[in-house]
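The values are calculated or read from the model by the stated rules, or taken from the named source; none is laboratory data. Keep in mind the model is a prediction, meaning the values are calculated, not measured. Ideal geometry is used to build each Cβ from the backbone, glycine not excepted, and the neighbour counts take in all protein chains shown.
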Amino acid sequence: MAQRINPLFIENIFRPVYEANISLAWAAGAVATPAMGFASSGVGGLAFSSIMSGLMAANAVRWGMKASPLLKRHYRLHTNTMTFISETKLRKLHDVEKRFGSEKERQKATRKLYLGDGFKWGNEHSNRAYQIMDFDAEHTDVQLPFALKLLRGKKGKDTTEKLGGSPWIHGIGKEEKQEVDEESLYGHGIIFGNVGTGKTTLLKLLSVGFLHLGNVLICLDPKDDEEWKDVIKRELAWMGMGHRFFHVKPSEPSKSARMALLKRYNRVTEIADRVAPLMGGTGSSKGFQDFAYSIIYSAALGMEFIGAPISLVSIQQSLTPSGKGELARKVFNRYYETVVGSDWKEKLQASLDEYGESRLEQMVNYYFKVLKPEHGQSTPVEKMWELTSHEEGHYQKMVVTLKPVLNALTAAPMDDIFSPKDSWEGTVEGEMEDLSRPMVDFDDLMEHGGALYISLESLSDGQTAGFLSRIIMAEAAAAAGRRYSKSKEPGVEPRRITIMNDEVQASIENNDAMMNLLAMGRAAMFQLILATQTRSDLIAKMANEATANRFLGLTNNFFSMRSTDPATQEYAAKQFNKTSVTTLQAQTSQNTDSGKGLGDFSSSRGTRAMKAREDAFPEPLLGDLPKLQYICKLADGRKLKMRLPIYTNQTQPNERAPWVIGEYRYV
């Protein structure tokens, strides 16, 4: 490295490997010398020739050792391989047995996550990359020796072609296992990559790692990837927590777990805050969202007042013309029971007849003229009257954008999955849902651990998937808020929560809850790993480019597979900053002076080295990455070039971890 700070230093590792030729020459001499000695002097000449042969062999080894790194690097410029990692090896890398062992063993276990094999990208790699980019397409400047071509063989060539891209990008460095401290992951992460380049493979590797760390795992998968789901399910079962795997799948309601959304809250305003933003609230639509917030709050306040369960279905029903009137009657009835008594109808029968024709009209007028002056204002009562008495034509106009949201989230089978009746009080036994399907909520997950896998299935119903992902994020943000406000027990470390969302562009539109989690989730021990294809996808789905940049600015761990999107390439190059790149400039000159002698001729030739500030990771290279390779900038400051191993299952389905007793983990 001392040489690199010398302004005159120029690295040339792609020259012909002369050391290999020298080594071969010495090796040939080592073999030929004894034979020649025996041929010329018989047995008597073997002693001296053997000594010379040994010296030649030593020289062959010495020059071979010098040639080996260059030959390996040249070989890696032309070839690529697929690597694999079994769950057994990954568990060993993550010190899983120590982490779930005794207190003494847990203290020794590292809290690191394996990311793959790679190297830190530095100035030397930038300079090598710029050198190779000047080569011809076939890299004829760096020809493999015949022996290495044989070593690669047809299989190696086929694998290289299958993975595509430019293998030399990874070949210019020396890879080793790379891990990241889990504290760095609280900076959240964003993963970019074209279709089929390895995003889901990376998500699988990371998700197993998070389970090994003991994190609660929440996965939102728009594609319903069976492999990703099975990897999580199998590993959780091996850890003795198979009963803590929950799969929500709307397309198979008979097998799907259920989530009672909106069930938990601290203040009624949280209900409106989770539902109203789903309809969007920018520009001219902000007034519609504010109106939706107001009526949802009124309905939720009324349901809380009468003790009715609050769910997406109950809110949707209470905002219909008939539902508003029915809820208002129940609210006024509960108020009269509280203030006048359970026999209020008999006591006030004669008095109420003077205040209107219908029963609801009578109760409203009597409240405002008699009960309110005497007992004071009741917010639930007045909010319900405000909702019920609103001019119907204007009301229907203002809820025109709210209806599709509620209809999508309460249509079958969404009503069965996200507003299950068996979580409601007051339902008779014959109306109870199938209790064989598990019920799950975020608070239970945070307390007892496990994994929740939600198949959004956005291909078949993208609009509903978008609404669903947003409200689930809102539920997660609310759970984070409850955890943050709850006092911690001394000596008890809360479980860390990891939310992973593939194809996040389907979830981010009007998703303020996700922004809040990115900005403040760390305080509640929440971390998000989000994946999408390009930066342009984020810009297209968000209100403007500034919002997309804010979103990216809240993710401090950047990963990118191959991407041909110019905006993504530009963003990736900025993550790696600038560096000094050495360029060579050849200079030649000739000069004759006719005013002097006929032979007065001069010429010069030279090479000039110059340094210029260029992108440390050139933008075009991101579009040339092979499959299963990526670059990343981590929150700890490291910039890495990585090769991603393919996760493989070797554990038998009924196999369990050593610390597991019986079917479930011993806690």
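What to note about this one:
- In region 505-519, the qualifying residues are those that are free of Cβ contacts under 8 Å to residues at least 40 places away in the same chain and not small (Gly, Ala, Ser), and the one that is nearest to residue 223 (Cα to Cα) is 505.
- Listing of helices (runs of 4 or more DSSP H) fully contained in region 63-123 that carry 1 or more residues being modelled with pLDDT of 90 or more: 87-93
- Residue check, residue 616 in the same structural domain as residue 126 (by TED's automatic domain parsing), small (Gly, Ala, Ser), touching a helix residue (DSSP H, G or I) at 6+ places or on another chain (Cβ under 9 Å) and modelled with pLDDT of 85 or more: no
- Any hit, region 399-412, residues being at pLDDT below 90 and on the phi > 0 side of the Ramachandran plot: no
- Check on residue 304, within 28 Å of residue 412 (Cβ to Cβ) and in a helix (DSSP H, G or I): yes
- For first residues located in region 182-198 and closer than 15 Å to residue 622 by Cα, partners that are assigned to a helix (DSSP H, G or I) and lie 6+ apart or on another chain with Cβ distances below 7 Å form the pairs 191/199; 191/202; 192/535; 192/568; 193/199.
- Test: residue in region 23-36 that is at pLDDT 80 or above, more than 26 Å from residue 168 (Cα to Cα), assigned by TED's automatic domain parsing to the domain that holds residue 180 and surrounded by 17 or more Cβ atoms within 10 Å (Cβ to Cβ): no
- Tally of residues being surrounded by 16 or more Cβ atoms within 10 Å (Cβ to Cβ) and either over 33 Å from the mean Cα position of the chain (by Cα) or closer than 17 Å to residue 421 by Cα (or both) across region 284-303: 10
- Test: residue 299 is outside the structural domain of residue 223 (by TED's automatic domain parsing), out of contact with any strand residue (DSSP E or B) (no Cβ under 9 Å at 6 or more places or on another chain) and touching a residue at least 40 places away in the same chain (Cβ under 8 Å): yes
- The one condition in (1) assigned to a strand (DSSP E or B); (2) touching a Pro at 6+ places or on another chain (Cβ under 8 Å); (3) not hydrophobic (A, V, I, L, M, F, W, C) that residue 170 fails to fulfil: (1)
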